[in-house]
Each structure stands twice: as structure tokens, then as C-alpha cells.
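**Student:** This is the structure I want to talk about, given as C-alpha cells.
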Amino acid sequence: MKAAETLAIPVGALLAAMALFGLFVAVLGHNPLEVYALIYRGAFASAFSWQNTLARAAPLVLTALCVALPAQAGLMVIGGEGALVLGGLTAALVGHSLASATPLAAQLAMAAAAMLAGAAWIALAGALRHWRGVNETISSLLLTYIAIAIFNHLVEGPLKDPASLNKPSTTPLPEALMIGKLFGLDVHWGLGFGVIACLLLYVLVSHTTWGFALRIVGGNVRAARLAGLPVGALVLLACAIGGAAAGLAGMVEVAAVHGSANASLIAGYGYGGILIAFIARQNPLAILPVSVLVGGLAASGGMLQRRLDLPDATVLVFQGLAFVSILASEALYGRLRVFQPRAQAEPAA
Amino acid sequence: MTGLGWWGVPLAVLAGAVRVSTPFLFVSLGECITEKSGRINLGLEGTLVMGAMVGYAASYGTGNPWVGVLAAGAAGFALGLLHGMLCTLPRVNDIAVGIGLMLFGTGLAFFLGKAYVQPKAPMLPGIPLGFWSDAQAVRAALQVNPLFLLGLALAVALAWAFRTTRWGLVVRMVGDSSDAARAMGYGVGTVRTLATACGGLLAGVGGSFLSLYYPGSWSEGLSSGQGLMAVALVIFAGWNPIRCFWAALLFGGAGALGPALQSVGVTWGYYLFNAAPYVVTLGIMIATCSPRRTLTGAPAELSITR
Amino acid sequence: MTEGMGSMDRRQMLKALGAAGVVGALGARRAWAADKLVIGVIYVGPRDDYGYNQAQAQAAAAIKKMPGVTVVEQEKVPETTDVQKTMGSMIEQDGATLLFPTSFGYFDPHILKMAEKYPKVRFAHCGGLWTEGKHPKNAGSYFGYIDECQYLNGVVAGHASKSKKLGFIAAKPIPQVLRNINAFTLGARAVDPKITTTLIFTGDWSLPVKEAEAANSLIDQGVDVVTCHVDSPKVIVETAERRGIYVCGYHADQATLAPKGYLTGAEWNWLTPYTMHVKDAQAGKPLVNFLRGGLKEGFVKPSAYGKAVGEGARKKADAVKAQMLKGDFVIFKGPIKDNTSKTVIDQGVAQKQTDVVLEQMGYLVEGVIGKV
């Protein structure tokens, strides 16, 4: 019954959010069913919209892992944007310096460097939390702002490609190093990396001793310490893995989309990941369908703008409602009678 | 009328401190109340933006900027109330709700605020405290906004209230030990919800300052994380309202440093200078936190100190 | 719990409502498939920002009124794959055949990729550097020489300034921005060679608090005329007005925001290139790949003079404007030194507006206090 509960309650919460959103839209004078139909059309109705949805979901899968992994250890880290940006910058630099190496080796090096950069940044927040007691939510957010400032400073200053006048960027990667698209689809390999990462991390968290230890730390730190678990190492590693995922997302953005590191890298994917991780209740496997859902929502935003003249903040409102609704539904776990096991026989009066 | 040369930098930092600190002041005082009661509200960024929009719209609609301030406070109160009520539900994590409301508040504000980017609403007046000076720059620097003075008065009042009044004691008790409060018969959830709502009210007023005085217009890029920095500010200030005032001034000054240096020709690394407030915040947090002695003065029930 | 007849009626009513709603939505779709020229316009920011995007939106709004034309617009599209998807959506879902992606960063790689994928669709990009042989033929770039109007701004500012200190608030040090800063300064120094321009970079295209801070810092330093190159000059104009100094506008007309201090402004007149592209598309003529124009071609226009502009200033500015309209005036004419005393344009060299070297400008002229 528990499995049904973990599925039904979030789905119910999302439906409730949808209904609230419909009400919101109706109050503003639009037909909610028309809005739903357009959202469906924009997100899932044709091959083109599906590719649109998946392309948007791709970076979000990885940045959501940046929230979900530390969350297993009980940390609420929201610094994915900073890790992504630094990962992208490192990847661009490494790729440029290895321009003459074999493409596969260079790409692996780029990915490794990006993952290391992202891992270090988020692990810093984890370390500050573990050894100095600094709240990781605030520190990871501050680190994001600092990372973006460093990024901008370097990209427009010492690392700027002199030829990139009107849009300051690092030196572009050679064509051979760029990441291609998934077979047949108009979506790049970033989606593939994301799916693999989610599956691997799901297995890691749910089916290994390490993952179990991590979840103990997340559940009750004191019990973990009493049991002799290396809490600091676990926390750091969880943060590092999360940061590596976000760094990888940055590398994919550079190597599959832009070809160099520039201000377009700062696109809010980190923040989108936060939303997805929470709706997926920090479960790496659930992140996949939720990313598709949120990606679809974002993809349909364009349709809403163009057909109904609704501002693009419309999608933000829906996302916010969904987020809040899911959080509120946490209260219902274990409370709904329909999901509780059949009552035991009444004790004799 | 000649410029002030290098004197311009400290003066600009001072002037900037007064200007830019007011939203920090209000948001941090509001968050102070909320956190003293044992809740942490990260959604104040969304409340700030919502307050800015509502304040601007109300000022435009009624022609009176003070009505705008009141309306902004009301909107903030509503969002704070929502946060408080959601967190009262069992097993709901207040940090997560804060992030969710930040998204929701910002989205809603942008959505409803579309109509108000163009029109020009009446602004809050300034009080020319620098009338004694001949230098135009000094006069402009000391052109103080009434909300700043209101905030200062509020900081003093709150400090006194927490120390002496019964209401202040109740809030602190709920924040330090919910068991003791329950034993005394106070509804912990109610007190926390009300405290969060009041925090939201102040954050909304702080937001109205942004749109009705400085920079004095409504647009979607108005806030750049000030709501979140204010939360860090409260920790830095040790949950003391008077120290919140000084911390807000410090942050405002740090924010004004970048442009001030550029105006005297120091142009290297303006991104890094613009990141000064965040670095200062982080540095201060690292210096003042410790895992062993949980932050001195922290309300024991606050989830981030556990 | 039994509900009897009541529940049946309710269910039927809900079904009917549902069907009506779906039919309504479908009906909207059918009405879309018209045989007009569908044009897509994409903005990087909000349409009503009193600045860059608004100038584009004004042209789009005028285009909507043309017969046989349908316009779909999408705003706040970032310069990432999002814009590729947006362009794709407009083409596949709305049937657009002429696109106006208006932000500089859309060009490389996004428009280039889409142009190769959809060879039958025209992509008219604002600001890019389309190059023969390197870029596909169905993509083109148009832009205006707004530095001509910034020069006029400078002339008027030079007359109005009493402190001889002007201020310029800019987003990023890219060539288009540097060209504006230099034109403004050259115009002012043509009136009085002792005038200086203090420059502040905010770091990004839209940062209201930083822009207000920059304006205040400049004014504290004694600047009494300010102008800018940011996406939305609204905050700067309003701050200048509040502190009682003069301001020259940019992108669009901000005179209503500063009734006392607004001198004049440099505005885009995107309707000209928009109309050219639409007419070409309707007539089936090939896309003009590299479209540039200044005052003479009607791509840019100065705002009307504000109350504070004196007779002498008007006469001088009008005289320069007349020369520009005839095509006789060269702003970047040697000898020009940059602010590190290096000669960047030699004596006797005149770089006309169409000279591509100007689109790669990387220096600040003498008189500008600031660094690239």
C-alpha cells in the first residue's frame, strides 16, 4: 500500500495544483480547458513538442540531482546554478587546451574537469555545514552568486576570446569536440547522461550499503554518529556527487549547445532543478518523469504566450503552485485511511 | 559644480548604505520576528517582489504612495500567513516551503505586474536631512527616506518588545522551547504563524521601498537576492534587532561600493566588487557559526540550528 | 451514499461542459490555419521595458496592422536552446515563415542552426554580423547606426552641461556599446573639447538597482547630463529626473518619464527594416542579408527636443542632423586618439558608418574616463 501512497499523493497534489491554476486562469478571464489543451499541445501532442520537452528536461535532470543527492544526507543544497556555471567554464577551458587531442579523450577530460569543479563547489557548502555549522541552503545560494560573479569576471576579462567582441565568450571549441544528438532525436546526449546518472544514483542510494548509510545520516545524524558512521565523509561525498552532476550539466551546455562558455550559460537551470527535486521528493528515479513534466510545462509556455497572450510568468505561477501543493501534501502521508493497512481485529472490549 | 574626487567614494558608500539598506532592514527585522518564534522563512524574496509590485500598483491606482506601502504590507502579510499555515501542517519542512513560496510569489508578482511596468506611480517623498550642506552631493546623500527612519524606530521598538513585553516573551519562548510554551498553554502553531505573517508584512513594506523610492520603478529585475541575503543578515546580527540595523547598513554600503569605485575610475573587476555583499555575508557566517556551540542566541527550535 | 437523479444530471452537465470546453479549444486551433504571412517576433526581455525590447515591439505592433499579415510574439526568451525551440515552435506549430529574433545573442549558434534546418524560412536577426560565404542565405542581419543619434545626444548634452562632466552608464564593453560611448563623447567635445564622459559598467543588460546606484554615483561626482546603453533606461532616466540633472534617452522615447530633464534621445525606428523584410517576403523576393541604415535611411531617429534644450543647441544639432541626412557627416574621422593617448584613427582617415571596422571597436576615445 505504501507504494500506492507514494504515487497517489504527489499525483493528487499535482492535480490539485492544476485545478487551482485553472481557477486562477479562469478568474483572469481565460477558459481553463483551453489553457490545459494548449499546454498539452505545446508539451506532448506532437513529435516536435516532445523533442522540445525532452530538450528542456535534459539539463534539469542533472541539476535536480544536485539537490536530491545532498538531500539524502539531510542537507538542503540549492547551489546547482553555481556548480553548473563553473563546470561549464572548466570544460570550455580544458576543451580548448586539449583541442588537438583525440575527440573522445578530450571530451572525457572535459567532463571530468567539469564534474570536479562542480563537485568542489558544492562540497564546499557541505564542508562548511559539517565543520562550521553554516546553514547549507544559504551558503550554497551565496556561493552561487559568487560563482556567477567569478564566471563573468573571467569570461569577460582574462579568458575572453578576443574575436568574440559582441558576446564575450571563451575561445570556441573545435567542432570535433562537440557533443552530438541522441540517435534520431533532436535532443543532445545530455539527456542520455541524465538518464544514466539517475539510474546509477537510484541504485546507489536505494540498493547499496553506502546509500543506506547516507540515508541514516539524513534521517538522524545522532544515530548515525552513534553507529560510528563517517558522517563528514558521507556528507562531503553526497555533496560532491550532486555538484558533479550539475557540473556535468554545465559541460553539456558548453559542448552540445554553445561551443564556448559565455553569459548564456547562466540560464536558471540550477533553480529549475530545485523545483524538480522537491516534486520528485528527492528520489533519483522519480526525477526523470518529473523533469519531463516540468520540461513540458516550460515548453508549453511559448504556446500560451503566442496564442493567448498570457505572460511567460504564467508558467512560473503554475510551477509555484505545484511546488507548494506537493509540499503541503507531505502532511497527508500516513493520514489517509484509504491507504492504511486493514485494521487489526478489535481487542476484546 | 565640481565633483568630490576620492571623497566621493566614502560618501557614496554612506549614501548607498542609507539608500540600499532600507529593504534589507525591513526584511531582516521581519525575518527576525519569524526566526525568534522558531520558523525560517526563505520565501521572503518572493514576498519582497510581491510587495514591490502591489505597492507600485496601489500607489498608481490611488495616487498616494503611502497607500501603496500599506497595500504592500497587506500582501506580505497574506504570503507570510500562507507560509505559516503551510508549515503548521505536520512533516512540512519550512525551508522547502520557503523556496516554494519564493517561486510562487515571484511568478505571481511578475504575472500580475505586467500591466504596471509602463505607468509611473507617485513616489515616496524624501526628508532632506542634509539641508545644512552646500555640496549637492552631501545633500543628496543625506536625503533620507521616511521608511528608513521608520525602520530604525522599528528596530529599537522590537528590541525593547522582545526584552520587556509579554508578547515578546511568548514569541521567544515558542522559539526556544515549544514544549515549555505548550505547557504554559500557548498555541505554538498559532504564534509561529502570526510571527511569520508579521515578518511577511515587514518584508512587503521593504519591497514597496524598492518600487516606490529607490530605484523607484517596477520591473522584473528589481530584486537580486536581497530577500535571501536578509535571512543571512539575521543570523549575522545574532537575532538582535538593533544589530540587524547596523548589518543592513553594512550590506547596503557593500552594494554601493562597486559603482562608487567605478565613478572615480577604478574599473578593474567590477563583477567582483558587485559580489562584495555576498562574500561579506558568507565570510561573516563562516566566522560566527560553529557546530559545537550552536549559534549563540539562536532560537533553539530553529530548524537550521539542529 | 446514494444521490439518485441529482448525480445523473450533474454528471451529464459536467460532460457537456467538458465537451464544450474541448470544442472551444479545438475551434481556436482551426481558426489559426489561415493563409496569411505568419511572422514570429522573439524578444529577450519583456516587451514593455521602455527600452530595447519595447522599440522592437512597437515595430511589431505596427506590422500587425499590415494586410495579409499575422504576428506571433514571444518574450523573455533566453539566449539558449530555448530560442531554438521557440523558433522551431513558431515554424512548426504556428506556420511562421519570417522570423524576427531580436536579441544579439540569438545569432550564433541558434539562428544559424535553425536556418540550416529550415531553408525555406527567413530569419531576420537584429544586430548580428552576417557574412557572405560563412552564413546561410536564408538568414540575414539588420541593424541601425544609432551612434549617429548618440552623437546628436552628445552635441545637445555638450551645450546643456554646466559642469562639463557627462556620464554614461553601460551594460557591457562590447563594440556596439563602445561605439555609442565614443559617438556621444565626440559629439559633446565638438561643442567643447574640455568635456569629459565618466563611464560606469553595470555588468549586465538589466540591473535596476545597479543602474540607480551608478546614476547616483555619477551625480555625486558632479555629472550633470547622463545617458546610457542598457536594456531599459527607465530607472536611469527617472533617477536623473529626481536628482534634477539632465538626461538623454536611448532605445525609445522616455520624455514622459523626465519632463524637466529630458534633452533628447537616440531612438530606434525598427519599422523601416521590418517593413522592408515583410514586403520582400510577401513579394517573394530574396532576403536582404546585410541591412544597415542610419538617420538617412530611417532606421534611427532622434527624440524631439525637450524644454531644456536652448536655441543654440537646437541649431547646432539640427545642422549636424541635416548633414547626416545627406550622408555627408563622418563621426569617426581622424585624427582620433583613445583615452590612453594612442592614435586609433590616423589623420585624414574617415571611417564611414558602413565601414565594418567600426563594428569591431575596442577602444574608448580621449575624454572618456573609464576602461574597457
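**Student:** Of all helices (runs of 4 or more DSSP H) completely enclosed by the range A:218-325, which ones contain at least 1 residues that are over 22 Å from A:LEU141 (Cα atoms), in contact with a Lys or Arg (Cβ under 7 Å, 6 or more places away or on another chain) and among the β-branched types (Val, Ile, Thr)?
**Tutor:** Helices (runs of 4 or more DSSP H) meeting the threshold: A:231-252.
**Student:** Only one of these is more than 22 Å from the chain's Cα centre (by Cα), more than 20 Å from C:GLY140 (Cβ to Cβ) and not basic (Lys, Arg): C:GLN54, C:GLN93. Name it.
**Tutor:** Criteria check complete, one pass: C:GLN93.
**Student:** Another one. Out of the range B:232-265, which residues are aliphatic (A, V, I, L, M), at pLDDT below 80 and over 15 Å from C:THR202 (Cβ atoms)?
**Tutor:** B:ALA232, B:ILE235, B:ALA254, B:VAL264
**Student:** Here's another thing I want to ask about it. Check the range B:53-65 and report whether any residue there is at pLDDT 90 or above, more than 30 Å from C:SER163 (Cβ to Cβ) and within 14 Å of chain A (Cβ to nearest Cβ).
**Tutor:** yes
**Student:** Got at least one residue in the range A:205-214 being more than 14 Å from chain C (Cβ to nearest Cβ), at pLDDT 90 or above and on the phi > 0 side of the Ramachandran plot?
**Tutor:** Looking through the range A:205-214, none of the residues is more than 14 Å from chain C (Cβ to nearest Cβ), at pLDDT 90 or above and on the phi > 0 side of the Ramachandran plot.
**Student:** Okay, moving on. Among the residues of the range C:129-174, what is the count of those that are of a type in the set (Ser, Thr, Tyr), touching a Cys at 6+ places or on another chain (Cβ under 8 Å) and closer than 26 Å to C:ALA190 by Cα?
**Tutor:** Selection size over the range C:129-174: 0.
**Student:** Turning to a different aspect of this structure: Looking at C:GLY158, C:GLY154, C:GLY105, which one is within 18 Å of the chain's Cα centre (by Cα) and either in the same structural domain as C:LEU358 (by TED's automatic domain parsing) or at pLDDT below 90 (or both)?
**Tutor:** The unique qualifying residue is C:GLY105.
**Student:** Moving on. Name the strands (runs of 3 or more DSSP E) wholly within the range C:34-104 that hold at least 2 residues that are closer than 23 Å to C:PHE299 by Cβ and within 12 Å of chain A (Cβ to nearest Cβ)?
**Tutor:** Result: C:37-42, C:69-74.
**Student:** Could you run through the range A:134-162 and say how many residues are over 25 Å from the mean Cα position of the chain (by Cα), within 9 Å of chain B (Cβ to nearest Cβ) and outside any helix (DSSP H, G or I)?
**Tutor:** The number of residues fulfilling the criteria is 1.
**Student:** Another question about this same structure. Within the range B:81-119, restricting attention to residues that are within 30 Å of C:THR256 (Cα to Cα) and among the small types (Gly, Ala, Ser), which residue is surrounded by the most Cβ atoms within 10 Å (Cβ to Cβ)?
**Tutor:** Across the range B:81-119, the extreme among qualifying residues is B:ALA109.
**Student:** Could you list all residues from the range C:207-235 that are hydrophobic (A, V, I, L, M, F, W, C) and more than 9 Å from chain B (Cβ to nearest Cβ)?
**Tutor:** C:VAL225, C:VAL226, C:CYS228, C:VAL230 - these are the residues of the range C:207-235 that are hydrophobic (A, V, I, L, M, F, W, C) and more than 9 Å from chain B (Cβ to nearest Cβ).
**Student:** Moving on. Can you tell me which of (1) within 11 Å of another protein chain (Cβ to nearest Cβ); (2) touching a helix residue (DSSP H, G or I) at 6+ places or on another chain (Cβ under 6 Å); (3) more than 30 Å from A:PHE151 (Cα to Cα) is the one A:GLN51 doesn't meet?
**Tutor:** It is condition (2) that A:GLN51 fails.
**Student:** Before we move on, is A:PHE21 within 19 Å of A:GLY302 (Cβ to Cβ) and surrounded by fewer than 20 Cβ atoms within 10 Å (Cβ to Cβ)?
**Tutor:** Spelling it out, it is not the case that A:PHE21 is within 19 Å of A:GLY302 (Cβ to Cβ) and surrounded by fewer than 20 Cβ atoms within 10 Å (Cβ to Cβ).
**Student:** Further question: Check A:LEU7, A:LEU28 and return the single one that is free of Cβ contacts under 8 Å to residues at least 24 places away in the same chain, under 18 Å from A:ARG307 (Cα atoms), surrounded by fewer than 21 Cβ atoms within 10 Å (Cβ to Cβ) and more than 11 Å from chain C (Cβ to nearest Cβ).
**Tutor:** Going through A:LEU7, A:LEU28 in turn, just one is free of Cβ contacts under 8 Å to residues at least 24 places away in the same chain, under 18 Å from A:ARG307 (Cα atoms), surrounded by fewer than 21 Cβ atoms within 10 Å (Cβ to Cβ) and more than 11 Å from chain C (Cβ to nearest Cβ): A:LEU28.
**Student:** Could we say that C:GLN353 is assigned by TED's automatic domain parsing to the domain that holds C:LEU152, assigned to a loop (DSSP other than H, G, I, E, B) and surrounded by 18 or more Cβ atoms within 10 Å (Cβ to Cβ) here?
**Tutor:** The answer is yes for C:GLN353.
**Student:** Here are C:GLU148, C:GLU116: which of them is closer than 19 Å to C:ASP231 by Cα, in a helix (DSSP H, G or I), among the charged types (D, E, K, R) and more than 8 Å from every other protein chain (Cβ to nearest Cβ)?
**Tutor:** C:GLU148
**Student:** Scan the range B:185-234 residue by residue and report those that are closer than 13 Å to B:ARG39 by Cα and in contact with a Phe, Trp or Tyr (Cβ under 7 Å, 6 or more places away or on another chain).
**Tutor:** B:ALA197, B:GLY200
**Student:** Across the range B:46-72, what is the number of residues that are of a type outside the set (A, V, I, L, M, F, W, C) and buried (at least 24 other Cβ atoms within 10 Å of the Cβ)?
**Tutor:** 7
The values are calculated or read from the model by the stated rules, or taken from the named source; none is laboratory data. Treat the numbers as computed from the prediction; the structure is a model and nothing was measured. Backbone-built Cβ (ideal geometry, glycine too); neighbour counts: all protein chains shown.
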